[in-house]
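Worksheet for the structure shown next.
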Amino acid sequence: MPDLHTLGIDIGSTASKCVVLKNGNEILSTAVIPVGAGTSGPKRVIEKALWDAGIEEEIIDFTVATGYGRNTFESADDQISELSCHAKGAAFLFDGVRTIIDIGGQDAKVLSLLPNGKLSNFQMNDKCAAGTGRFMEVMARVLDVDISDFSKYGSRSENRVDISSTCTVFAETEVISHLAKAAKIEDVIAGIHRSVASRVGSLAKRTGITEPVVMTGGVAKNAGIVKALEEEIGVGIKTNQMCQIAGALGASLYAYEFLIEEEEYE
Ligand code: ADP
């Protein structure tokens, strides 16, 4: 049987992600471009993933799009919801996952899975920027600290400040006022991590937490948030450097399943 190549693209609000798979189990490449729906991100992320995989677009047998911008992306063969794709991708990365905490650019979701991997429940916050990547980006701008350095700063904190506002705009004012009172940046960042953890932790508690718990989405790249969330929900959280591409991976796995089912049908 010839090799089957599938492509999964996750067009998010903030970033475009792509995964190229060979035969549904070998990751040939992954790519992230930090701009999402309505930008050149989707086109660029596919070009990058194909280049890194060393293959031409014609080699791809099936493409599945997921994420916020999936329905306006015409080059895909099929579209599948990000809930299904995150669940599928996370289960590939972490055997037996039962709870997924996904914090993306503009929403946070908690998914409960049955032992067979099927989605049994979920909760989502997409009404408010607090507890999402957007909140982190606003804070990064105020502090003039790169978002990828937040974890390093937060880990040096010895006297975490309290950020009590749940609204992003008021929390920003609170951060500015802490800085005006000469609070250390590391203590403010630790407070920001705590604030996100408290919001997303409540969402997780409402959904129900069963171990193993996995974190996906771009915000999981911040180890400070993962640690603060572990403290908040009282259980360990698994994550890895592939956390941001979990949805695109799931889309690529669905693309492979589609090809196999088609073959069986013929
Ligand atoms: P979406 O799918 O909504 O586009 P992602 O899951 O791709 O969102 O996550 C985007 C968010 O990830 C950004 O808003 C940013 O806060 C966060 N992020 C991206 N890269 C990093 C990093 N290196 N360290 C910490 N946070 C990051």
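The values are calculated or read from the model by the stated rules, or taken from the named source; none is laboratory data. Everything numeric here is computed off the predicted structure, so don't read it as measured data. Cβ atoms come from the backbone with ideal geometry, glycine included; neighbour counts cover every protein chain shown.
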Qualifying positions in segment 57-84 - crowded, with 20+ Cβ neighbours inside 10 Å, closer than 17 Å to residue 7 by Cβ and within 14 Å of the ligand (Cβ to nearest atom): 65, 66, 67, 69, 70, 82
Output the qualifying pairs, or none if there are none: Cβ atoms under 9 angstrom, residues six or more apart or on different chains, first residue in segment 18-41 and at positive phi and touching a residue at least 24 places away in the same chain (Cβ under 8 Å), second residue of a type in the set (S, T, N, Q) and part of a strand (DSSP E or B). 23/6; 24/6
Within segment 99-123, how many residues are closer than 21 Å to residue 211 by Cβ and surrounded by fewer than 20 Cβ atoms within 10 Å (Cβ to Cβ)? 11
Determine if segment 232-254 includes at least one residue that is of a type in the set (Phe, Trp, Tyr) and crowded, with 17+ Cβ neighbours inside 10 Å. yes
What is the number of the single condition among (1) touching a helix residue (DSSP H, G or I) at 6+ places or on another chain (Cβ under 7 Å); (2) touching a residue at least 12 places away in the same chain (Cβ under 8 Å) that residue 140 does not meet? (2)
In segment 1-23, residues that are assigned to a loop (DSSP other than H, G, I, E, B) and under 16 Å from residue 245 (Cβ atoms) total 4
Where residues in segment 87-108 are within 19 Å of residue 241 (Cα to Cα) and charged (D, E, K, R), which of them is farthest from the chain's Cα centre (by Cα)? 95
I'd like to know if segment 45-55 contains one or more residues that are within 13 Å of the ligand (Cβ to nearest atom) and modelled with pLDDT of 95 or more. yes
Which ones in segment 146-160 are more than 10 Å from the ligand (Cβ to nearest atom) and crowded, with 16+ Cβ neighbours inside 10 Å? 153, 154, 157, 160
In segment 16-33, what residues are within 16 Å of the ligand (Cβ to nearest atom) and either aromatic (Phe, Trp, Tyr) or surrounded by fewer than 24 Cβ atoms within 10 Å (Cβ to Cβ) (or both)? 30, 31, 32, 33
Determine the pairs where a residue that is farther than 15 Å from residue 224 by Cα, located within segment 152-165, has a partner that is surrounded by fewer than 15 Cβ atoms within 10 Å (Cβ to Cβ) with Cβ atoms under 8 Å apart, the partner being 6 or more residues away or on another chain. 165/173
Of the residues in segment 85-112, those that are out of contact with any strand residue (DSSP E or B) (no Cβ under 6 Å at 6 or more places or on another chain) and more than 12 Å from the ligand (Cβ to nearest atom) come to 88, 91, 92, 93, 95, 96
Per-region count, segment 124-145, residues more than 8 Å from the ligand (Cβ to nearest atom) and either part of a loop (DSSP other than H, G, I, E, B) or within 23 Å of residue 84 (Cα to Cα) (or both): 10
